[in-house]
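The values are calculated or read from the model by the stated rules, or taken from the named source; none is laboratory data. Here the structure is a predicted model, which is why all the values come from computation and not from measurement. When we count neighbours, we look across all protein chains shown, and the Cβ atoms used for this are built from the backbone with ideal geometry, even at glycine. For the accessible areas, the whole protein counts, side chains as well, though only heavy atoms, and no ligand, DNA or RNA atoms are used. Shrake-Rupley method; radii C 1.70, N 1.55, O 1.52, S 1.80 Å.
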Amino acid sequence: MAKLIDGKAYAEGLRARIAAAVAGLKKEHGLTPGLAVVLVGEDPASKVYVANKAKQTVEVGMNSWEHKLPAETAEADLLALVGRLNNDPVVHGILVQMPLPKHIDSAKVLNAINPDKDVDGFHVVNVGRLSTGQEALVACTPTGCVMLAKDVLGKLDGLNAVVIGRSNIVGKPVAQLLLAENCTVTIAHSKSKDLPGIVRQADLVIAAVGRPEMVKGDWIKPGATVIDVGINRIARDGKNILVGDCDFASCEKVAGAITPVPGGVGPMTIACLLYNTVRAACAIHKVKTPAM
Ligand code: NAD
């Protein structure tokens, strides 16, 4: 049976290290990292995410601001708010919660954020910095996946990594991070041929597809590490439950280590957002980033 990769526990530990780093920055440099989160509209899931982000930001000792705008907010007004946050010296991280209402051009808004405050890592400048091996703010969920993989495997050098999914928010950035860790990286997607055969080559599988329980145990090389990013709500036995993109029951029998859903990658995302905010604050103030 595979070792269970406890993302919830890892994220708790990371948040404790972030809190210690924040306390040190306050004491030694009078610097309190601050995160501004912008929510446009009333999407219930987004409201929960934003509330959790704000709560955890405060818990690690950072400043937190929530900007809640009505769904009918004009694009120009949102861009003006982003501009004010870009120029506000106490704000080190800016996150505009996706999805935005349809009348707003999301790419335009994301690219209006100062790249040095882009703690979501979605700005083209950060994507470019990542893919050219420069210091970058990197998307949070991919950062969390690689932290968990390194925690269980140590060095990733030379491993065959297969990433299933090529989205801008997970698949592509996680592939870039794994390349930077010296993995041999294959990116599979909806048009890939013989997906089970591709996955069977992998020492490390990252599944970011959004299809419940798609990856089966007989696709997994015995002993491989499986990081399941998927969060899918399904009905089973009359209950609504969350499942990943991997069929946990069959994969855990073959894998060496596997993340559960929930409690695997999910809790890492906000912890990595806080991590990025500390890094951004230190870079802006030209202070050495503490170990976290
Ligand atoms: P997306 O829909 O943007 O991308 C899915 C990718 O999967 C696409 O690149 C597509 O080519 C690929 N794909 C679709 N069907 C496929 C198939 N049959 N075979 C192979 N590849 C296929 O999704 P996303 O935003 O990357 O999210 C993926 C999953 O991760 C979702 O379940 C999402 O909820 C979850 N997610 C979790 C977190 C978190 O844990 N915090 C964050 C982001 C996304």
With the requirement that a residue be touching a residue at least 12 places away in the same chain (Cβ under 8 Å) and within 14 Å of the ligand (Cβ to nearest atom), what does segment 182-191 give you? Thr186, Ile187, Ala188, His189
Can you confirm whether Ile113 is more than 12 Å from the ligand (Cβ to nearest atom) and either farther than 27 Å from Leu95 by Cα or in contact with a Leu (Cβ under 7 Å, 6 or more places away or on another chain) (or both)? no
Which of (1) open to solvent by 70 Å² or more (accessible area, probe 1.4 Å); (2) closer than 30 Å to Ala23 by Cα does Leu81 not meet, given it meets every other one? (1)
Some residue of segment 60-77 being surrounded by 13 or more Cβ atoms within 10 Å (Cβ to Cβ) and either of a type in the set (Lys, Arg) or modelled with pLDDT under 95 (or both): yes
When segment 30-46 is checked residue by residue, the ones that are open to solvent by 60 Å² or more (accessible area, probe 1.4 Å) and within 24 Å of Gly121 (Cβ to Cβ) are Asp43
Any hit, segment 58-71, residues being in a helix (DSSP H, G or I), β-branched (Val, Ile, Thr) and either touching a residue at least 40 places away in the same chain (Cβ under 8 Å) or under 23 Å from Gly266 (Cα atoms) (or both): yes
Which pairs have Cβ atoms under 7 Å, sit 6 or more apart or on different chains, and link a residue in segment 131-151 that is free of Cβ contacts under 8 Å to residues at least 60 places away in the same chain and under 15 Å from Ile227 (Cβ atoms) to one that is open to solvent by less than 20 Å² (accessible area, probe 1.4 Å) and part of a helix (DSSP H, G or I)? Ala139/Pro173; Pro142/Pro173; Pro142/Val174; Val146/Val174; Val146/Leu178
Please specify each residue of segment 207-259 satisfying the condition of being of a type in the set (Asp, Glu), in a loop (DSSP other than H, G, I, E, B) and away from the ligand (no atom under 14 Å from the Cβ). Asp237, Glu252
Inspect segment 162-172 for any residue being in a loop (DSSP other than H, G, I, E, B) and free of Cβ contacts under 8 Å to residues at least 40 places away in the same chain and give the result as yes or no. yes
Looking at (1) within 20 Å of the chain's Cα centre (by Cα); (2) among the small types (Gly, Ala, Ser); (3) over 23 Å from Asp151 (Cα atoms), find the lone condition where Gly266 falls short. (3)
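Which of the following residues is away from the ligand (no atom under 13 Å from the Cβ), out of contact with any Cys (no Cβ under 8 Å at 6 or more places or on another chain), open to solvent by less than 40 Å² (accessible area, probe 1.4 Å) and at pLDDT 95 or above: Leu137, Leu195, Leu179, Leu148? Can you show your working first?
Numbers: Leu195 fails: away from the ligand (no atom under 13 Å from the Cβ); Leu179 fails: open to solvent by less than 40 Å² (accessible area, probe 1.4 Å); Leu148 fails: away from the ligand (no atom under 13 Å from the Cβ).
Just one listed residue meets the conditions, Leu137.
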